[in-house]
Amino acid sequence: PRVIFSGIQPTGIPHLGNYLGALRNWVDLQNASLHTTDELYFSIVGYHAITMPQQPSRLLSERSEMMATLLAIGLDPQRCTIFHQDQVSEHTELAWILNCITSFGKLQRMTTWKSKLATAKNVSETSDIDDKDLSLGLFAYPVLQAADILLYKATHVPVGEDQIQHLELSRDLADVYNRKFSKKFFPLPQHIITPTKRVLSLRDPASKMSKSAPDANSRILITDTPVEVERKIKKAVTDAERSLAYDGVARPGVSNLLSILAALKAASVAGKQAEKQMGPQEWAERLNREIEASGASSGQHLKATLTEAVVETLRPIQTELERLRGDPGYLKQMELLGKEKAQTVARRTMAQVRKSIGLN
Ligand code: TYM
């Protein structure tokens, strides 16, 4: 049986990249696991969030908002363990132990670290070294992520493309640990990725859609109203070609919109066997036929179709989120349930780990 683990930072509202790259896959894995003995763990990773400066009151509310969001997208707390990482202290305990078997050089090669470092250096032109604002915690971020995964002896980790290198480190650390202390103790976790493993910015299709990009029009948040969705998609970068085609290299803007569309439509027919799922190129062809018939411009037609698909996908999620926000008692209860389920497994693993490394 598989043990599936994934996490998300409680920093802001998830965007379409988080949803299509990871979150929706979590729900699909949950639904597919109905007749299996797969175990699923989904964690809100507060300890990762604080590797960058956070305003405490805001973090506190974003943490609970994220719990509500995970339930609203369709994760079922009875079938999965949905919990706050920061409520299970074994995460930091295992992270410390893994820190002690991780070389400095390995962490220096992490691209997320390198890009943060490069940004920090650019920001301050006045001094030459400027990693001074980057914390030790940020440097060790991928080790904490490995601890998250290994604590539950996870075998599979559904994430977007930007997390693949972190996953490789997790595998590497599992292997180092196993060889040093206890053969085959940790499974080597594999990633599971979706066709939309890298959703691009609507404003700059050379970069990924991200929570931190300064231009808020570059991302669609899962709480955006239909009017906001329409406005952001209208402003999305496309091109002046007369017909649509999926070509990520020559036409990244249009291709990004086509893959988002295909992914959303695939979701809405999931489970219904009848309709064959269409990929982004098939969507391009279908929309081209509709354009020929109606005389509309290709970019406008694509954007209108996409807007409708996004609004339709988000509507039930937003309704459920609204309902859950009105029931803080239930949310607290689910938080506690997740914490207890996670703790049971985490404590068991840590007892074994302490023994193996000679700290019992
Ligand atoms: P985070 O919070 O940045 O993002 C959550 C998930 O969303 C995916 N994602 C994307 N997928 C496609 N296109 C995009 N533009 C896009 N942007 C984000 C991410 O790949 C991720 O799957 N380090 C992790 C959190 C974490 C974790 C873990 C994940 C902590 N411990 C253990 C897996 C296992 C992160 O910062 O995700």
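About the Cα centre of the chain, what is the dipole size in debye to 20, counting +1 per Lys and Arg Cβ and -1 per Asp and Glu Cβ, all else neutral? Mind showing how you got there, number by number?
Working: 45 positive and 40 negative charges, 182 e Å.
Rounded to the nearest 20 debye, it is 880 debye.
Relative contact order of the chain, taken over Cα pairs closer than 8 Å and 6 or more residues apart, is 22 percent. For segment 216-322, the Kirkwood estimate of hydrodynamic radius, built from reciprocal distances between every pair of different alpha carbons, is 14.4 Å. Between ARG354 and CYS100, residue separation times 0.36 nm minus the direct Cα-Cα distance comes to 90.1 nm. Largest GNM mean-square fluctuation across GLY279, GLY253, GLY105, computed for the chain with C-alpha springs under 10 Å, falls on GLY105.
If a spin label sat at a point 7 angstrom from the Cα of LEU59 along the line to its beta carbon, the backbone N atoms of segment 73-96 nearer than 17 Å would be those of 84-93. The relative contact order of segment 172-290 comes to 18 percent, based on Cα pairs under 8 Å that sit 6 or more residues apart. At the residue level, TYR141 shows approximately 40 square angstrom of accessible surface with a 1.4 angstrom probe and all protein chains present. Between the amide H of ILE192 and those of VAL157, VAL159, distances stay under 5 Å, these residues lying 5 or more places away or on another chain, with hydrogens modeled in the peptide plane. By the Stokes-Einstein formula, at 0.890 mPa s and 25 °C, the chain with its Kirkwood radius over alpha-carbon pairs has D equal to 112 µm²/s.
Full extension of the chain between ASP133 and ARG323 gives 64.4 nm of extra length, using 0.36 nm per residue less the Cα-Cα distance. Largest to smallest in accessible area, the residues THR37, THR11 fall in the order THR37, THR11 (1.4 Å probe, all protein chains included). Computed over protein heavy atoms with a 1.4 angstrom probe, the accessible surface ordering of PHE104, PHE181, largest first, is PHE104, PHE181.
Quick one: longest stretch of the chain between exposed loop trypsin sites (Lys or Arg not before Pro), exposed meaning at most 13 other C-beta atoms within 10 Å and loop per DSSP? Mind showing how you got there, number by number?
Working: sites that count: ARG109, LYS132, LYS183, LYS184, LYS235, ARG242, LYS272, LYS276.
Longest gap between qualifying sites, sites excluded: 1-108.
Its relative contact order, with pairs defined as Cα atoms under 8 Å and 6+ residues apart, puts segment 1-151 at 27 percent.
Panel note: the C-alpha atoms of segment 93-223, placed on their principal axes, show extents of 49, 41, 23 Å (largest first). One compactness figure for segment 1-61 is 1.33, namely its Cα radius of gyration divided by 2.2 N^0.38 Å.
Based on the Cβ-Cβ distance from GLU228 to GLU168, what FRET efficiency comes out when R0 is 35 Å, to the nearest 0.05?
Details: r = 37 Å, r/R0 = 1.05.
The calculated FRET efficiency here is 0.40.
Computed extension gain for ILE13 through ALA296, at 0.36 nm per residue and net of the alpha carbon distance, reaches 98.5 nm. Note on ASP239 and GLN343: with the Förster distance fixed at 51 Å, the Cβ-Cβ geometry gives a FRET efficiency of about 0.45.
The values are calculated or read from the model by the stated rules, or taken from the named source; none is laboratory data. Since this is a predicted model, take the numbers as computed values, not measurements. Glycine also receives a Cβ, built like all others from the backbone with ideal geometry; neighbour counts cover every protein chain displayed. In case anyone asks, the SASA skips ligands and DNA or RNA and just uses the protein heavy atoms, side chains included. Shrake-Rupley method; radii C 1.70, N 1.55, O 1.52, S 1.80 Å.
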